[in-house]
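Colleague: Let me begin by handing over the structure; questions about it come next.
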Amino acid sequence: MKKILEAINNWLKPRMAVFVLVTAALLLEAMSLLQYFDARRRLRDTLEDRVLSELIIKALYIRRTMLMAEVAVRNHVWDAERLLAEPDSMYNVCRRVVEQNEDIGSCGIAFRPYYYPELGQYFEPHALLEDSVVVMSQIGGPNHDYTRRSFYRDAMEGDTAHWCSPYDDLEGAGGRVTSYAMPVRDASGEPVAAMCIDLHTDWMGAMMNSRHLYPSSFCFLLDRHGQLIASPSADSVSAQSIERLVSMINDSTVARTMTKNGRATVITFDDDEDQSEGYIFYAKLRGNTRWQLALVCYDDEVYADLRQMHAISLILMLLGLGVLGFILHHTMMGIRRLERAKVEREKMDSELHVAQRIQKDMLPNASSQALQRADLDICSLLLPAKEVGGDLYDFFVRDEKLFFCIGDVSGKGVPSALLMAVTHTLFRTAAAHETNPQRIMTTINELSCEGNESNMFVTLFVGVLDLPTGRLRYCNAGHDSPALLAEKWTMLPAKPNLPVGIINDFKYVAQEMQLAAGDTLFLYTDGLTEAMNSQRKQFGLKRVQGVLDKLLKQPAFGARQLLDSMTQAVHQFTEGANQSDDLTMLAFRYTPRNETASLRDELLLTNDIKQVEQLNAFIASVTDRLQMDAGKAGQVKLAVEEAVVNVMHYAYPPEMEGEIKVCAEANNERLKLTISDSGVAFDPTETLTADTTLSVEERPIGGLGIFLVRQLMDSINYERIEGRNVLTLRKSLT
């Protein structure tokens, strides 16, 4: 037995290297294949997510375009009905629709045969936008018998508004279009004409294919019957390919699957032109049209990088095996350890840089277009001590209110940065539909306490400034009190409360005060007062106060000047010493404008829906005196009616009579409408905005009225002032 074992050992010794190399090669190849198929599976999952995101974006754009077109028709049908006695005025109605809606190519009003006997059997005034010029014409006639068109029949016979299937409209729009039609009624309520707008399918196809996931991917649109509405140009995809793909979607025998979340259907196909495999992702658009949006991509492009990387990995594996045969085992192990350590360091550095960039992108920019306001001068600064930090700030304007916060997370490094991102997201989410800083802080605290096993916490200051009135409401959670700069500087009286993330059911107390024109609020984290120089001395609150005293001696200093002065003072003090903590500052100056009103009028109503006619007459009087065009006047009328009816429904209990006061003020720039009542406190702006991409069956009750008001008016603002609900709507006159 001993001799047999020695013989086996002697036989294995010279062949051990080959055995190790072959074993290593087999293991590496098996590992490579496992990684390849796992990566392929992950890429497929990622593809579904990317495609769904792309479909959602394009669907939202299509629905927005359709919604704007529908609103345009609804806003002008009443104009046509008002002017039925003047057939020549129909041309102006069509022209206004085209001029006021850049996505609409043409508009026509198809009247019932012989409605105007003097104009003959067919009368369809039509407006077409060509090279930025509106061309007016009467296109009805024997060669253009619109009564046979589906848009006319459905609107007149079905007596309802609808989108029709695509058709060739060479006499009117000059190409293939899909139309939205709505009946025009006479004084007796009978439909006498169909008012329709046209969207060119070529334009819709170009819009859908303006950007792609992959070079060869493309989108097309089908109606509810599976008929092609819009597709990419023939230069990029052949008509035969499009026809084949459409037939596959319409063929119930073709195998198909659903995406993991069930929001889209997938068909796998083989392209006859280049023998490549591809995927069709398609889903129905929300709404009454039930159109289908499809996106096509090819297997070769989806997995091209993966296949290339797999080939490269095989080559590198062979090279590594060759080198492994000539280099000592211990040397190779040492090199591998060094390489792994280097890769880990580079990976960590790269991830930290990415995290830093992401963290920076999360924070708002005071120079953004949304914050370029005459009544607000705001500036912010965040200097992290490391690649990522635990300080945060945020601000945005919603419903004429400035929402802002500043905070400091306990601890340092990546854990603090992660908690900072979570807190920032919680603030955005809570403040999106809430105006009370106490409830915003309570929501953030409750969510921060859930699963907080690390016992980290955040000092946070949250404020809400009503820009029209200067009313400031705020809630502090263990953060440094801000400085208020008026005629002199003072520390804002702020109850400390507990930081968020400590006690789940802590009762936070909010405070409020009135800001005057020119007042400035300066917020900061302890990285300012605790900044240290090389002698380990801190900057301190007294030096902060010294900078503020110097600024108050300068006339009309701005928020940027305040932060620049404070930053310069800190840098001079630290003398180049390493930054020990994150430094964050936020300042804003309240600068409301005094506007002289050229028109003032008011109307007193009761909460009786029958008084809407009186309200409409009042609004019509105001818009006529301001010489507003019909389209904008219609928007104001509709918005005010929605808002007042909303107040009638919710401000007073059933069977209780109450007053509703509507005040109109205007200057040369804008119209301001104030709706006030003494009913129960009710903030309509806190109603969640309706999701118009959902179908009627899936959409929750509520939110559509305030959604419509937001779309029609430039701004909306609510305040509870001296026991009254005050809702303010603004519309630009320029």
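The values are calculated or read from the model by the stated rules, or taken from the named source; none is laboratory data. From a predicted model like this one, the values you see are computed outputs, not experimental measurements. No Cβ is skipped: glycine too gets one built from the backbone with ideal geometry, and neighbour counts run over all protein chains shown. Side chains are part of the model used for accessible areas, which takes the heavy atoms of the whole protein and leaves out ligands, DNA and RNA. Shrake-Rupley method; radii C 1.70, N 1.55, O 1.52, S 1.80 Å.
Colleague: If you check 469, 459, 425, 442, which single one turns out to be closer than 24 Å to residue 397 by Cα, in contact with a His (Cβ under 6 Å, 6 or more places away or on another chain) and open to solvent by 10 Å² or more (accessible area, probe 1.4 Å)? Break it down into steps so the answer makes sense when it comes.
Modeller: Numbers: 469 fails: in contact with a His (Cβ under 6 Å, 6 or more places away or on another chain); 425 fails: in contact with a His (Cβ under 6 Å, 6 or more places away or on another chain); 442 fails: in contact with a His (Cβ under 6 Å, 6 or more places away or on another chain).
Sole residue among the options that is closer than 24 Å to residue 397 by Cα, in contact with a His (Cβ under 6 Å, 6 or more places away or on another chain) and open to solvent by 10 Å² or more (accessible area, probe 1.4 Å): 459.
Colleague: Here's a follow-up. Please find, within region 674-718, the residue that is most open to solvent (accessible area, probe 1.4 Å) out of those that are modelled with pLDDT under 85 and of a type in the set (Asp, Glu).
Modeller: Per the criteria, the residue is 697.
Colleague: From the list 583, 603, exactly one residue is modelled with pLDDT of 85 or more, under 30 Å from residue 641 (Cα atoms) and touching a helix residue (DSSP H, G or I) at 6+ places or on another chain (Cβ under 6 Å). Which is it? Spell out the reasoning first.
Modeller: On the way: 583 fails: under 30 Å from residue 641 (Cα atoms).
None of the others qualify; the one that does is 603.
Colleague: Does residue 550 satisfy the condition of being basic (Lys, Arg) and within 30 Å of residue 646 (Cβ to Cβ)? Spell out how you get there, then give the answer.
Modeller: Working: basic (Lys, Arg): yes; within 30 Å of residue 646 (Cβ to Cβ): no.
Considered against the rule, which asks whether it is basic (Lys, Arg) and within 30 Å of residue 646 (Cβ to Cβ), residue 550 comes out as no.
Colleague: Here's another thing I want to ask about it. So, in region 37-88, of the ones that are in contact (Cβ under 8 Å) with a residue 12 or more places away in the chain and of a type in the set (Phe, Trp, Tyr), which residue ends up farthest from residue 310 (Cα to Cα)?
Modeller: The extreme case among them is 78.
Colleague: Can you name the residue in region 423-457 that is of a type in the set (A, V, I, L, M) and at pLDDT below 90 and, of all such residues, is farthest from residue 590 (Cα to Cα)? Lay out the reasoning, then the answer.
Modeller: Just the residues of region 423-457 that are of a type in the set (A, V, I, L, M), to begin with: 426, 430-432, 440-441, 444, 447, 456.
Checking which are at pLDDT below 90 leaves us with 432, 456.
Values: 432: 22, 456: 35 Å.
Across region 423-457, the extreme among qualifying residues is 456.
Colleague: Among the candidates 603, 599, 671, single out the residue that is open to solvent by less than 50 Å² (accessible area, probe 1.4 Å), in contact with a Cys (Cβ under 9 Å, 6 or more places away or on another chain), among the aliphatic types (A, V, I, L, M) and over 17 Å from residue 705 (Cβ atoms).
Modeller: Working: 599 fails: in contact with a Cys (Cβ under 9 Å, 6 or more places away or on another chain); 671 fails: in contact with a Cys (Cβ under 9 Å, 6 or more places away or on another chain).
One residue alone meets the criteria, 603.
Colleague: Now for a separate question. Which one of these is out of contact with any strand residue (DSSP E or B) (no Cβ under 8 Å at 6 or more places or on another chain), on the phi < 0 side of the Ramachandran plot, surrounded by fewer than 20 Cβ atoms within 10 Å (Cβ to Cβ) and aliphatic (A, V, I, L, M): 376, 447? Walk me through how you get there before you give the answer.
Modeller: Details: 376 fails: out of contact with any strand residue (DSSP E or B) (no Cβ under 8 Å at 6 or more places or on another chain).
That would be 447, the only listed residue that is out of contact with any strand residue (DSSP E or B) (no Cβ under 8 Å at 6 or more places or on another chain), on the phi < 0 side of the Ramachandran plot, surrounded by fewer than 20 Cβ atoms within 10 Å (Cβ to Cβ) and aliphatic (A, V, I, L, M).
Colleague: With more than 28 Å from the chain's Cα centre (by Cα), of a type outside the set (Ser, Thr, Tyr) and surrounded by 22 or more Cβ atoms within 10 Å (Cβ to Cβ) as the only criterion, which of 161, 173, 187 stands out?
Modeller: On the way: 161 fails: surrounded by 22 or more Cβ atoms within 10 Å (Cβ to Cβ); 187 fails: surrounded by 22 or more Cβ atoms within 10 Å (Cβ to Cβ).
Only one candidate qualifies: 173.
Colleague: So is residue 234 within 25 Å of residue 40 (Cα to Cα), assigned to a loop (DSSP other than H, G, I, E, B) and either open to solvent by 80 Å² or more (accessible area, probe 1.4 Å) or of a type in the set (A, V, I, L, M, F, W, C) (or both) or not? Full working, then the answer.
Modeller: Numbers: within 25 Å of residue 40 (Cα to Cα): no; assigned to a loop (DSSP other than H, G, I, E, B): yes; either open to solvent by 80 Å² or more (accessible area, probe 1.4 Å) or of a type in the set (A, V, I, L, M, F, W, C) (or both): yes.
Criteria not met by residue 234.
Colleague: Restrict the check to region 217-231 and report whether at least one residue is surrounded by 14 or more Cβ atoms within 10 Å (Cβ to Cβ), of a type in the set (Gly, Ala, Ser), in contact with a helix residue (DSSP H, G or I) (Cβ under 9 Å, 6 or more places away or on another chain) and closer than 22 Å to residue 137 by Cα.
Modeller: Looking for residues that are surrounded by 14 or more Cβ atoms within 10 Å (Cβ to Cβ), of a type in the set (Gly, Ala, Ser), in contact with a helix residue (DSSP H, G or I) (Cβ under 9 Å, 6 or more places away or on another chain) and closer than 22 Å to residue 137 by Cα, one finds none in region 217-231, hence no.
Colleague: Examine region 481-494 for a residue that is in contact with a Lys or Arg (Cβ under 8 Å, 6 or more places away or on another chain) and either within 30 Å of residue 674 (Cα to Cα) or at pLDDT below 90 (or both), and state whether such a residue exists.
Modeller: Here is the first cut: in region 481-494, the residues in contact with a Lys or Arg (Cβ under 8 Å, 6 or more places away or on another chain) are none.
Scanning region 481-494, I find no residue that is in contact with a Lys or Arg (Cβ under 8 Å, 6 or more places away or on another chain) and either within 30 Å of residue 674 (Cα to Cα) or at pLDDT below 90 (or both), so the answer is no.
Colleague: Identify, from the list 510, 494, 486, the residue that is open to solvent by 10 Å² or more (accessible area, probe 1.4 Å) and closer than 20 Å to residue 379 by Cα. Break it down stepwise before answering.
Modeller: On the way: 510 fails: closer than 20 Å to residue 379 by Cα; 494 fails: closer than 20 Å to residue 379 by Cα.
Checking each option against the conditions leaves just 486.
Colleague: Hey, any hits in region 126-139 for a residue that's in contact (Cβ under 8 Å) with a residue 60 or more places away in the chain and either under 19 Å from residue 169 (Cβ atoms) or surrounded by 14 or more Cβ atoms within 10 Å (Cβ to Cβ) (or both)? Walk me through how you get there before you give the answer.
Modeller: Residues of region 126-139 that are in contact (Cβ under 8 Å) with a residue 60 or more places away in the chain, as a first pass: none.
Scanning region 126-139, I find no residue that is in contact (Cβ under 8 Å) with a residue 60 or more places away in the chain and either under 19 Å from residue 169 (Cβ atoms) or surrounded by 14 or more Cβ atoms within 10 Å (Cβ to Cβ) (or both), so the answer is no.
Colleague: I'd like to check something: does region 562-569 contain any residue that is farther than 22 Å from residue 444 by Cβ and exposed (fewer than 13 other Cβ atoms within 10 Å of the Cβ)?
Modeller: Yes, there is a match, as at least one residue in region 562-569 is farther than 22 Å from residue 444 by Cβ and exposed (fewer than 13 other Cβ atoms within 10 Å of the Cβ).
Colleague: So residue 578 passes all but one of these: (1) closer than 30 Å to residue 659 by Cβ; (2) loosely packed, with under 13 Cβ neighbours inside 10 Å. Which condition number does it fail?
Modeller: So residue 578 meets the others, but not (1).
Residues checked against (1) modelled with pLDDT under 85; (2) more than 24 Å from residue 51 (Cβ to Cβ); (3) open to solvent by 70 Å² or more (accessible area, probe 1.4 Å); (4) not in a helix (DSSP H, G or I):
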position	(1), (2), (3), (4)
244	no, no, yes, no
248	no, no, no, no
261	yes, no, yes, yes
281	no, no, no, yes
295	no, no, no, yes
310	yes, no, no, no
314	yes, yes, no, no
320	yes, yes, no, no
334	yes, yes, no, no
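Colleague: Return the pair list, or none, for Cβ contacts closer than 9 Å from residues in region 270-287 that are closer than 20 Å to residue 227 by Cα to residues that are open to solvent by 70 Å² or more (accessible area, probe 1.4 Å) and at pLDDT below 70, at least 6 apart or on different chains.
Modeller: Qualifying pairs under 9 Å: 286/698; 287/696.
Colleague: Return a yes/no flag: does region 33-43 have any residue that is at pLDDT below 80 and of a type in the set (Asp, Glu).
Modeller: no
Colleague: Filter region 606-643 down to the residues that are within 30 Å of residue 95 (Cα to Cα) and acidic (Asp, Glu), then identify the one that is most open to solvent (accessible area, probe 1.4 Å).
Modeller: Selected residue: 613.
Colleague: Sticking with this structure for a sec: Going through region 513-535 one residue at a time, which ones are among the hydrophobic types (A, V, I, L, M, F, W, C), over 20 Å from residue 582 (Cα atoms) and surrounded by fewer than 18 Cβ atoms within 10 Å (Cβ to Cβ)?
Modeller: Step one: filter region 513-535 for residues among the hydrophobic types (A, V, I, L, M, F, W, C), giving 513, 515-517, 521-523, 528, 531-532.
Restricting the remaining residues to those that are over 20 Å from residue 582 (Cα atoms) gives 513, 515-517, 521.
Listed by number, the residues that qualify are 513, 516, 517.
Colleague: Do we find a residue being of a type in the set (Val, Ile, Thr) and open to solvent by 10 Å² or more (accessible area, probe 1.4 Å) anywhere in region 193-213?
Modeller: no
Colleague: Can you tell me which of 93, 98 is touching a helix residue (DSSP H, G or I) at 6+ places or on another chain (Cβ under 8 Å) and within 23 Å of residue 149 (Cβ to Cβ)? Don't jump to the end; show me each part of the working.
Modeller: Details: 98 fails: touching a helix residue (DSSP H, G or I) at 6+ places or on another chain (Cβ under 8 Å).
Going through 93, 98 in turn, just one is touching a helix residue (DSSP H, G or I) at 6+ places or on another chain (Cβ under 8 Å) and within 23 Å of residue 149 (Cβ to Cβ): 93.
Colleague: Here is a further query. When the residues of region 140-158 are filtered to those that are part of a loop (DSSP other than H, G, I, E, B) and farther than 23 Å from residue 75 by Cα, which remaining residue is most open to solvent (accessible area, probe 1.4 Å)?
Modeller: Filtering region 140-158 down to residues part of a loop (DSSP other than H, G, I, E, B) leaves 140, 142-143, 145, 149, 158.
Still in the list and also farther than 23 Å from residue 75 by Cα: 140, 142-143, 145, 149.
Working: 140: 15, 142: 116, 143: 141, 145: 35, 149: 60 Å².
The selected residue is 143.
Colleague: Can you name the condition, by its number, that residue 107 falls short on among (1) under 21 Å from residue 74 (Cα atoms); (2) open to solvent by 40 Å² or more (accessible area, probe 1.4 Å)?
Modeller: Checking residue 107 against (1) under 21 Å from residue 74 (Cα atoms); (2) open to solvent by 40 Å² or more (accessible area, probe 1.4 Å), the one that fails is (2).
Colleague: How many residues are without any contact (Cβ under 8 Å) to a residue 24 or more places away in the chain, in contact with a Ser or Thr (Cβ under 6 Å, 6 or more places away or on another chain) and β-branched (Val, Ile, Thr) when one looks only at region 393-439?
Modeller: Count: 0.
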